[in-house]
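Student: Following this message is one structure expressed as structure tokens.
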Amino acid sequence: MEMFSTIKGQHQAKELLLSAVKSDRLAHAYILAGPDGSGRLTAALDMAKARICPVVERGFCGSCKHCLQIDGMTHPDVRITIPAMKTTKVEDVADLFKTRIRDGVTPLRIAGNTYISIDQMREVGHRLSRKSFEGYGFVEIIYDAHKLRREAANSILKTLEEPPDGAMIVLVTSRVTGMLPTVRSRAHTVRFGRLTTSLVEDLLIERTGVSREEASRLAVQADGSPGKALVSGKSKIKESNQAVTLMEMIFSKSLGDMELVEEVNTLSRKLGRDGILVLCSELTSLTHDLRRAAAGSKPISREDVPELSGADCETLQGMEILFRQCEQRLKANVSPSMAIAAAVVGSRRRVR
């Protein structure tokens with residue numbers, strides 16, 4: 001299997017890493033620095049496969065159990081450490097990894113004021129002090145390494161200075177200047193640059209299925225960061241689907257008011273302020289399209305709109321005003337759950 005073939009662009013970074021693998025000169029520590037979605041994590045996993053895979057010398061096969069486990073982020077000798085909080089549950093991290101493996105887009109980030117603690121770095125040191133499970137060495141990937149707390153960064157310095165035999169540490173970051181100079185000086189830095197707008201556009205269409213027009217808009221806003229564009233594209237599709245589901249619940253005669261509020265509260269906890277803001281924007285757009293359809297005009301944002309009993313122009317106009325007010329309240333820092341609940345309950349009253 002060709003190494004780094006799934007990474008778009010990044011010719012210089014790929015050539016540097018390919019040369020190191022082909023010449024059997026992979027260093028013990030690397031910093032992969034660049035914007036989100038530029039291929040840093042993919043490159044780190046390919047480097048791990050090149051180090052661990054026993055089938056292909058100075059490369060990897062991509063199909064042996066080791067390569068498949070690394071792609072699935074389950075190899076016992078290839079571990080990924082991400083920023084977290086004291087309250088972060090192991091199950092939440094596992095679910096995040098599963099989501100990333102499934103869609104290839106979601107950043108390995110837990111919501112909140114996260115950081116990489118000294119305890120996490122001590123765990124890395126403890127793992128590296130033992131024999132590897134499979135006998136082919138260790139690879140430790142530290143994601144968002146600029147979130148290493150100072151004591152955590154100092155803790156890993158000795159490991160970087162005197163790495164165990166067969167061990168490689170890969171630090172992935174979007175802010176290399178946010179890392180301690182002492183850490184940066186002990187690792188080879190490989191930079192991943194911003195991509196052209198046209199390449200980001202193509203990636204969006206390929207990975208999320210948005211229209212060319214929408215992909216172009218998101219690509220321009222992403223400022224060369226594929227990760228930002230991909231997450232935006234995925235979020236748009238997700239929130240659009242959730243908007244349709246929530247709209248159907250508002251018009252449902254079998255769902256009680258309390259059940260509806262509970263659903264909204266669950267969504268608020270799950271999506272957070274930014275997610276609810278996107279959802280509210282999608283609800284505003286959907287309501288406008290429903291109103292146009294009810295008046296016999298063609299919808300603007302989508303080709304098909306759900307058929308809802310009682311969705312007349314007057315009702316929908318009032319709902320559209322409520323969702324626009326919700327957006328304004330969210331931007332004014334009103335509680336997301338209170339803002340969206342008020343809009344949804346108010347909409348339900350207009351339906352009756």
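Please treat every number below as a calculation from the coordinates, not as lab data. Remember, it's a predicted structure, so these values are computed and weren't measured experimentally. Don't worry about glycine lacking a Cβ; one is built from the backbone with ideal geometry, like all the others, and counts go over all protein chains shown.
Student: Please give the contour-minus-distance gain from T74 to T182: 0.36 nm per residue of separation, less the Cα-Cα distance, rounded to one decimal in nm.
Tutor: Once the chain is fully extended between T74 and T182, it gains 35.8 nm.
Student: Give the angle, between 0 and 90 degrees and rounded to the nearest 10, that separates the Cα long axis of helix 257-294 from the longest principal axis of the Cα atoms of the chain.
Tutor: Between helix and principal axis, roughly 60 degrees.
Student: Which of the trypsin sites (Lys or Arg not before Pro) across the range 138-225 are loop residues per DSSP, with 15 or fewer other Cβ within 10 Å?
Tutor: R149, R175
Student: Taking just the alpha-carbon atoms of the range 91-208, what radius of gyration and Dmax come out, in angstrom?
Tutor: 16.4, 47
Student: Rounded to the nearest 500, what is the chain's calculated 222 nm mean residue ellipticity when only DSSP H runs of at least 4 contribute -39500 (n - 2.57) each, over all residues?
Tutor: Value at 222 nm, helices only: -18000 deg cm²/dmol.
Student: Follow-up question, since we're still on this one. At what distance in nm do the modelled label points of D24 and M1 sit from each other, each positioned 7 Å from its Cα along Cα→Cβ?
Tutor: Rounded to a tenth, the inter-label distance reads 2.3 nm.
Student: Given K65/K98; K131/K158; K14/K49; K253/K331, which pairs have Cα atoms separated by over 20 Å?
Tutor: Exceeds cut-off: K253/K331.
Student: So, one more: Just flag the chymotrypsin sites (Phe, Trp or Tyr not before Pro) in the range 106-183 sitting in loop per DSSP whose Cβ has no more than 13 other Cβ atoms within 10 Å.
Tutor: Here the chymotrypsin sites (Phe, Trp or Tyr not before Pro) that fit, given the DSSP loop and packing criteria, are F133.
Student: Follow-up question, since we're still on this one. How far is the Cα center of the range 127-146 from the Cα center of the range 103-121, in Å?
Tutor: Taking the Cα centre of each part, the range 127-146 and the range 103-121 sit 17 Å apart.
Student: Additional query: Can you tell me what share of the DSSP beta bridges in the chain is antiparallel? A percent to the nearest 5 is fine.
Tutor: If we restrict to bridges inside the chain, about 5 percent are antiparallel.
Student: Going by alpha carbons, how many degrees (0 to 90, nearest 10) lie between the helix axis of 40-52 and the longest principal axis of the chain?
Tutor: The angle comes out near 40 degrees.
Student: In addition: Measure nothing but the geometry: give the 0 to 90° angle between the long axis through the Cα atoms of 226-251 and the longest principal axis through the Cα atoms of the chain, rounded to 10°.
Tutor: Relative to the chain, helix 226-251 is tipped by roughly 30 degrees.
Student: Suppose a student asked you for the relative contact order of the range 11-193, using Cα pairs under 8 Å spaced at least 6 residues apart; what percent would you report?
Tutor: 34
Student: Within the range 11-193, what percent of beta bridges assigned by DSSP are antiparallel, to the nearest 5?
Tutor: 5
Student: Beta carbons within 10 angstrom, averaged per residue: use that to sort the peptides 77-89, 118-130, highest first.
Tutor: Result, highest mean first: 77-89, 118-130.
Student: Points 7 angstrom from Cα along the Cβ direction at Q328 and C313: gap in nanometres?
Tutor: So the two model labels end up 2.4 nm from each other.
Student: Taking the inverse of the average 1/r across all pairs of different Cα atoms in the chain, what Kirkwood radius in Å do you get?
Tutor: The answer is 22.6 Å.
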